[in-house]
Amino acid sequence: MNFTGPFEEISGTLEALAEAEEMGKIIVYTPPEKGHELETCGYAEEGTIRGYYAGKDCQIFSSYPQNSRGISFNKEKEDQVIKNCLRKGKGTEKILQKSGDSRKKGSWKIHKEKIPLPEKYTLRPAVQADASAMAALYSQGFHFYPTPLHMESYLLKTMDSDVLYLLVEKQGKIVSLASAEMDSETGSAEITDCLTISSERGKGLIKELITVLEKELLERNFLISYTLCRASSPGINAAFVAHGYAYTGRLVNNCRIEMGFEDMNIWCKMLK
Ligand SMILES: CC(C)(COP(=O)(O)OP(=O)(O)OC[C@H]1O[C@@H](n2cnc3c(N)ncnc32)[C@H](O)[C@@H]1OP(=O)(O)O)[C@@H](O)C(=O)NCCC(=O)NCCS
């Protein structure tokens with residue numbers, strides 16, 4: 001994700017490692033000016049995170065040591081999800097207004113303004129006492145996941161660093177969760193870990209969590225918000241379209257979430 005020097009110098013090591021560990025995919029994040037080095041080594045671009053490096057774009061390149069890993073089995077369905085979302089979300093693009101705080105660690109300032117959640121629902125930042133219930137929810141929703149969200153210790157550790165977890169409660173019980181992983185060096189943040197329990201879906205909870213996460217990011221002077229979300233899920237793609245995110249690519253067979261590997265769509269938004 002952050003290589004330095006000519007890519008040719010590490011390319012052989014990556015290939016050898018992939019072979020030894022039987023890895024099916026190699027993923028490389030790079031600024032655009034190094035893209036040709038990746039192409040020379042046989043990598044192909046799958047998408048872009050706009051503004052990822054302090055305003056400069058990041059291109060995501062991949063190579064597939066195991067050919068089968070590079071085949072998207074649900075491409076048509078996933079293309080249709082995007083088409084449907086974009087049709088529904090037309091005209092929703094908006095740029096949030098700038099406000100003046102720094103993005104220093106520890107300066108959380110959750111907006112206190114009233115948000116349009118149904119009655120009996122409360123939106124708030126997660127605290128350490130929530131970690132056990134959060135881990136239980138995540139372990140039901142995500143059987144596999146790129147990060148160990150099912151472990152209370154992982155949630156406690158990340159809560160204490162650069163991840164802001166927000167949750168929605170209904171009468172004291174957590175029903176929806178989302179987080180922002182913030183890179184204060186670059187000013188970009190990934191909105192991720194979105195989950196609503198099945199009985200509470202379709203009520204606008206994830207959209208509200210994204211709204212408040214974005215406000216918090218702006219408050220801390222983050223420039224860019226992006227997500228890598230499940231390409232086959234209409235709900236999560238629709239939520240980001242509704243917030244004015246732009247579709248910038250798809251990462252084939254990129255994450256294990258339920259059973260096998262899933263394609264992930266990239267959505268980006270300039271917050272200021
Ligand atoms: C994806 C998920 C988080 C959405 O949460 P939610 O609280 O139900 O979402 P919201 O009610 O805020 O709805 C967001 C958008 O999705 C739409 N939506 C929700 N469920 C949908 C469905 N099953 N089919 C089509 N659209 C759906 C809503 O209409 C809304 O779009 P709109 O603004 O155009 O009306 C939830 O379905 C979930 O937890 N899924 C399992 C975990 C998961 O896959 N997380 C995403 C990981 S990347």
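The values are calculated or read from the model by the stated rules, or taken from the named source; none is laboratory data. All values reported here derive from a predicted model rather than from experimental measurement. Neighbour counts are summed over all protein chains in view; Cβ atoms, including those assigned to glycine, are modelled from backbone coordinates with ideal geometry.
Only one of these conditions is not met by Val175: (1) modelled with pLDDT of 95 or more; (2) within 24 Å of Met1 (Cα to Cα); (3) within 14 Å of the ligand (Cβ to nearest atom). Which number is it?
(2) is the only condition that Val175 fails.
State all residues of region 222-248 that are under 12 Å from the mean Cα position of the chain (by Cα), in a helix (DSSP H, G or I) and not polar (S, T, N, Q); if no residue qualifies, say none.
Ile236, Phe240
If the requirement is being modelled with pLDDT of 95 or more, within 16 Å of the ligand (Cβ to nearest atom) and in the same structural domain as Lys83 (by TED's automatic domain parsing), which of these qualifies: Thr196, Thr158?
None of the other options fit; the residue is Thr196.
Here's the yes/no breakdown for (1) over 24 Å from Lys88 (Cβ atoms); (2) of a type in the set (S, T, N, Q):
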residue: Met182; (1), (2): yes, no
residue: Thr196; (1), (2): no, yes
residue: Ile210; (1), (2): no, no
residue: Gly235; (1), (2): no, no
residue: Tyr245; (1), (2): no, no
residue: Gly260; (1), (2): yes, no
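Look at Lys215 and say whether it is in contact with a His (Cβ under 6 Å, 6 or more places away or on another chain) and crowded, with 17+ Cβ neighbours inside 10 Å. Break it down into steps so the answer makes sense when it comes.
Working: in contact with a His (Cβ under 6 Å, 6 or more places away or on another chain): yes; crowded, with 17+ Cβ neighbours inside 10 Å: yes.
In short, yes.
Give the residue that is nearest to Lys269 (Cα to Cα), with candidates limited to residues of region 233-251 that are surrounded by fewer than 20 Cβ atoms within 10 Å (Cβ to Cβ) and near the ligand (Cβ under 9 Å from one of its atoms).
Here the residue is Ala242.
Can you find, within region 178-193, the residue that is surrounded by the fewest Cβ atoms within 10 Å (Cβ to Cβ) among those that are more than 12 Å from the ligand (Cβ to nearest atom) and among the hydrophobic types (A, V, I, L, M, F, W, C)?
At the first step, the residues of region 178-193 found to be more than 12 Å from the ligand (Cβ to nearest atom) are 180-189.
Narrowing further to those that are among the hydrophobic types (A, V, I, L, M, F, W, C): 180, 182, 189.
Values: Ala180: 25, Met182: 23, Ala189: 28.
Restricting to residues being more than 12 Å from the ligand (Cβ to nearest atom) and among the hydrophobic types (A, V, I, L, M, F, W, C), the top hit is Met182.
Please pick out the residue among Cys194, Cys229 that is of a type outside the set (Lys, Arg) and more than 17 Å from Gly244 (Cα to Cα). Outline the logic, then answer.
Numbers: Cys229 fails: more than 17 Å from Gly244 (Cα to Cα).
Going through Cys194, Cys229 in turn, just one is of a type outside the set (Lys, Arg) and more than 17 Å from Gly244 (Cα to Cα): Cys194.
Hey, among Met264, Met259, Met270, which residue is without any contact (Cβ under 8 Å) to a residue 40 or more places away in the chain and either of a type in the set (A, V, I, L, M, F, W, C) or near the ligand (Cβ under 8 Å from one of its atoms) (or both)? Before you say what the answer is, go through the steps one by one.
Numbers: Met259 fails: without any contact (Cβ under 8 Å) to a residue 40 or more places away in the chain; Met270 fails: without any contact (Cβ under 8 Å) to a residue 40 or more places away in the chain.
Being without any contact (Cβ under 8 Å) to a residue 40 or more places away in the chain and either of a type in the set (A, V, I, L, M, F, W, C) or near the ligand (Cβ under 8 Å from one of its atoms) (or both) holds for just one of Met264, Met259, Met270, which is Met264.
Pull up region 47-86, narrow it to residues that are among the polar types (S, T, N, Q) and within 16 Å of the ligand (Cβ to nearest atom), then point me to the one that is modelled with the highest pLDDT.
Taking region 47-86 first, the residues among the polar types (S, T, N, Q) are 48, 59, 62-63, 66-68, 72, 74, 80, 84.
This time we only want the ones that are within 16 Å of the ligand (Cβ to nearest atom), so: 74, 80, 84.
Details: Asn74: 95, Gln80: 98, Asn84: 95.
If we take residues in region 47-86 being among the polar types (S, T, N, Q) and within 16 Å of the ligand (Cβ to nearest atom), then Gln80 is modelled with the highest pLDDT.
Out of all the residues in region 202-232, which are closer than 30 Å to Ser63 by Cβ, within 14 Å of the ligand (Cβ to nearest atom) and in contact (Cβ under 8 Å) with a residue 60 or more places away in the chain?
Passing the criteria: Tyr226, Ala231, Ser232.
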